[in-house]
1. Spelling out what I want: for every residue of the stretch 193-203, take phi, set θ = phi - 60°, compute 6.51 cos²θ - 1.76 cosθ + 1.60 (Karplus), and round to whole Hz; glycine and proline get x.
2. Within the set of other residues whose C-beta is less than 15 Å from the C-beta of residue 151, count the net charge using Lys and Arg as +1 and Asp and Glu as -1.
3. Consider the candidate values (1) 13; (2) 16; (3) 30; state which one is percent of Cα pairs over 33 Å apart computed from the structure displayed.
4. Checking understanding here: applying a Kyte-Doolittle mean of at least -0.5 and a length along the axis of at least 18 Å (C-alpha), which whole DSSP H helices in the chain pass?
5. Leaving ligands, DNA and RNA out of it, report the carbon-plus-sulfur percent of the accessible area of the stretch 151-233 at a 1.4 Å probe.
6. For the stretch 7-130, what does the relative contact order come out to in percent, with C-alpha contacts under 8 Å and a separation of six or more?
7. Straight-line reach from residue 23: which lysines fall under 18 Å, measuring Cα to Cα and dropping same-chain residues less than 8 apart?
8. For the stretch 3-89, just the Cα atoms, rotate onto the principal axes and tell me the three extents in Å, largest first.
Amino acid sequence: MIDTSALPVHVGIIMDGNGRWAKKRNLPRSSGHKEGLTAAKNIVRKASELGIQYVTLYTFSTENWKRAQDEVGYLMGLIKVHLRGEFDFYKQNGIRIQHIGDLDGLPKDVQLEIVNATKETAHFTGTTVVLAINYGGRNEIVRGVKKMLQDAVDANDITEEKLQHLFDIPNLPDVDLLIRTGGEMRISNFLLWHAAYAEFLFTDTLWPDYNCEEFLEDIEKFQKRTRRFGGVV
């Protein structure tokens with residue numbers, strides 16, 4: 001049974017396994033990504049119903065540009081169409097959209113859809129869904145350091161708080177629970193700074209098959225963990 005008074009504030013999800021899901025069914029990889037989008041909507045809806053404040057979805061990494069050009073093109077198109085076409089879903093569930101990642105490195109039309117989605121949902125007060133698009137943890141830290149250098153911050157004045165203030169979403173809470181589907185046990189450059197004390201859960205379930213029941217089970221597992229944050233309990 002989930003304790004609604006002890007929910008994770010911020011859940012990060014590495015949605016892995018779309019391609020393998022499609023391959024198992026002799027379908028094109030694009031079919032896996034399309035099904036993965038349906039899974040994402042279901043999990044976001046459930047997180048909203050529970051009252052989880054932040055969900056960050058690893059949508060497209062800085063390393064994903066290495067994939068085949070047709071797959072990258074399909075993913076960019078899927079992101080664009082989804083952001084444009086799902087406003088009713090956001091509105092019905094009170095979902096606020098935010099973006100994390102190198103916005104300037106994305107195609108102009110995708111940039112526009114991201115900016116529009118964040119503006120149009122900024123006043124919603126439910127779950128904040130952070131879309132990590134063209135995102136890499138190292139890249140975010142490097143971009144933050146560059147901003148610090150541009151501001152001529154004295155080395156003696158550098159603190160964790162000042163650096164974090166220069167990240168893409170300065171007030172983004174640390175990740176409490178990080179879930180990775182697809183059977184791999186690594187975080188693949190995802191929220192390196194924010195996941196410093198996250199609880200990790202890995203599942204063999206391929207992302208399109210990851211459902212609300214398993215998500216609730218993972219929340220229960222999280223609530224059974226003892227979090228020490230470097231101290232002694």
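The values are calculated or read from the model by the stated rules, or taken from the named source; none is laboratory data. The structure displayed is predicted, hence computed values, not measured ones. No Cβ is skipped: glycine too gets one built from the backbone with ideal geometry, and neighbour counts run over all protein chains shown. Side chains are part of the model used for accessible areas, which takes the heavy atoms of the whole protein and leaves out ligands, DNA and RNA. Shrake-Rupley method; radii C 1.70, N 1.55, O 1.52, S 1.80 Å.
1. 6, 6, 9, 4, 10, 6, 8, 9, 9, 10, 10
2. Working: positive: 143, 146, 147, 162; negative: 154, 157, 161.
My count for the surroundings of residue 151 gives +1.
3. (2)
4. Helices meeting the span and hydropathy rule in the chain are 69-85.
5. 48 percent
6. On the way: 138 pairs, mean separation 36.7, N = 124.
Averaging sequence separation for qualifying contacts and normalising by length gives 30 percent for the stretch 7-130.
7. 34
8. Principal-axis extents of the Cα atoms in the stretch 3-89, largest first: 44, 28, 25 Å.
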